[in-house]
Amino acid sequence: MPDASPRDALAAAARTVTDAWEQYAADATSAAEVEATVIWLVATVHAEAAGTSAGEELVTTPLARRVLAGLRAAWVAGLTPPLEAGAVATVQAMERVAALLAPPWSERFQERLGGPSGLELIVEIAHDLRSPMTSILFLAETMLRGRSGPLTPL
């Protein structure tokens with residue numbers, strides 16, 4: 001039996017991810033939403049591999065990022081050596097799509113703040129700012145009161 005092409009391996013990976021839709025239930029409302037995301041991502045990867053960028057059509061969501069990671073893992077697991085030339089183009093296409101799906105820094109920060117460790121992050125930032133600010137304020141008050149003697153140019 002001939003080895004599966006990268007395109008066939010991607011179709012098999014799509015079926016694997018769609019069948020295991022429960023893994024994405026934290027970001028999806030139903031199996032249909034996961035399936036639609038899989039279909040859209042496979043088409044986007046094929047378009048990128050063919051050199052027709054679909055960047056304007058991308059909707060960056062946590063579900064799309066997680067499904068793409070699942071597709072990539074299932075695709076790699078389904079490949080058998082020797083690899084066809086199209087495998088390199090598919091890997092590069094997946095990387096370009098992943099880069100396009102990556103949220104901007106502000107969105108990543110917002111996701112982290114909204115997550116379960118968001119409060120811990122705020123407390124940590126406040127503590128890290130409070131310690132040096134307290135020292136600076138104490139030094140400024142001491143200098144203003146003249147308790148350490150007159151100020152010199154040194």
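The values are calculated or read from the model by the stated rules, or taken from the named source; none is laboratory data. Keep in mind that what you see is a predicted model, and the values were worked out from it rather than measured. Counting neighbours? That spans all protein chains shown, and the Cβs are built from the backbone with ideal geometry, glycine included. Keep in mind that these areas ignore ligands, DNA and RNA; they rest on the heavy atoms of the full protein, side chains included. Shrake-Rupley method; radii C 1.70, N 1.55, O 1.52, S 1.80 Å.
With the radius of gyration and the Kirkwood radius both derived from the Cα set of segment 43-116, what is their ratio Rg to Rh?
1.05
In Å², and per residue, what accessible area does segment 15-103 have when probed at 1.4 Å with the other protein chains present?
For segment 15-103, the solvent-accessible area averages 53 Å² per residue.
Placing +1 at every Lys and Arg Cβ and -1 at every Asp and Glu Cβ, with all other atoms neutral, what dipole size does segment 32-154 have around its Cα centre, in debye to the nearest 20?
Approximately 600 debye in magnitude.
Average projected area of the Cα convex hull of segment 1-153, in nm²?
Projected area, direction-averaged: 15.9 nm².
Is it possible to state the helix-based mean residue ellipticity at 222 nm for the chain, with each DSSP H run of 4+ residues giving -39500 (n - 2.57), the sum divided by total residues, to the nearest 500 deg cm²/dmol? What is it? Before the final figure, lay out each step's value.
Details: 6 runs with 105 residues, N = 154.
Calculated mean residue ellipticity at 222 nm is -23000 deg cm²/dmol.
Mind jotting down a quarter of the surface of the convex hull over the alpha carbons of segment 92-153, in square nanometres, one decimal?
Mean projected area for segment 92-153: 8.3 nm², to one decimal.
Could you tell me what percent of the accessible area of the chain is made up of carbon and sulfur, with a 1.4 Å probe and every protein chain present? Walk me through the numbers before you get to the answer.
Details: 6510 of 10260 Å².
C and S atoms contribute 63 percent here.
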